[in-house]
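I have placed the structure first, in the form of structure tokens, so that the comments after it can refer back to it.
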Amino acid sequence: MTEKNDLNGLAQAEADRRLARDGFNEVAEPPFNFATAIITRLWEPSAWILEAALIIEIVLGKGIQAGFIVLMLLFAAVNGAIQSHRANTVLRSLSHDLSPTAAVSRDGKWKQVSAKHLVVDDLISPRQGDIIPADVRLLTDTLEVNESSITGEAKAVNRTPGDTAYAGTEVLSGNALEAVQDL
């Protein structure tokens with residue numbers, strides 16, 4: 001961000017250019033592959049035990065028992081893949097429904113923007129209780145943030161001007177202007 005627009009934010013036209021160039025501020029969601037999900041479940045320690053039992057049954061010439069083990073393995077793998085697909089569908093739905101917004105300064109005016117439309121150098125102003133929508137550099141004042149979502153540490157962390165506050169952390173107290181860093 002240049003010195004002259006540090007506290008005025010970006011122009012909407014510049015934000016639109018950066019959004020077109022850099023894309024949305026979101027994590028890419030890989031498509032669900034049913035075959036890969038099944039194979040993954042067949043290559044787990046719990047499946048290895050049944051696979052070892054299958055080999056023993058085949059070596060001993062017990063075809064019926066081996067057939068039942070194959071059925072158990074396939075049932076568990078297919079059922080696990082179906083459950084994983086259902087869970088991914090619900091999580092994607094929730095993540096899209098609960099998309100956070102941020103107070104952004106564009107053209108010198110503050111407005112609420114979906115967090116996925118943030119671009120590098122956007123000027124945002126999160127308040128107490130907000131989730132920081134992108135990695136940001138503090139420009140003014142101090143914030144107390146809860147970084148337990150990324151570090152596991154329950155103790156609050158103070159961030160001062162020049163420090164980085166990370167996406168997904170919660171503002172516990174304070175109010176500071178922040179510039180969005182690389183997305």
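The values are calculated or read from the model by the stated rules, or taken from the named source; none is laboratory data. Keep in mind that what you see is a predicted model, and the values were worked out from it rather than measured. No Cβ is skipped: glycine too gets one built from the backbone with ideal geometry, and neighbour counts run over all protein chains shown. Note: areas computed on protein heavy atoms with side chains; ligands, DNA, RNA excluded. Shrake-Rupley method; radii C 1.70, N 1.55, O 1.52, S 1.80 Å.
The table below lists the values:
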| quantity | calculated |
| --- | --- |
| Net dipole in debye of the chain [+1 Lys, Arg Cβ; -1 Asp, Glu Cβ; about Cα centre; nearest 20] | 560 |
| Of the DSSP H helices in the chain, those whose Cα atoms cover at least 20 Å axially and whose Kyte score averages -1.0 or more | 45-59, 63-97 |
| Label corresponding to Kirkwood radius over Cα pairs in Å when calculated from the structure given, among (1) 17.6; (2) 19.9; (3) 17.1 | (2) |
| Per-residue [θ]222 nm for the chain (sum of -39500 (n - 2.57) over DSSP H runs n ≥ 4, rounded to 500) | -13000 deg cm²/dmol |
| Alpha carbon centroid spacing (whole Å) that separates the range 12-55 from the range 144-183 | 28 |
| Simple spin-label estimate for L91 and N79 in nanometres, 7 Å along Cα-Cβ | 2.1 |
| Proximal charge balance of T160 [Cβ under 15 Å; K/R count +1, D/E count -1] | -3 |
| Accessible area in square angstrom per residue, the range 1-132, 1.4 angstrom probe | 67 |
| Loop trypsin sites (Lys or Arg not before Pro), the range 115-145 (other Cβ atoms within 10 Å of the site Cβ: 13 or fewer; DSSP) | R127 |
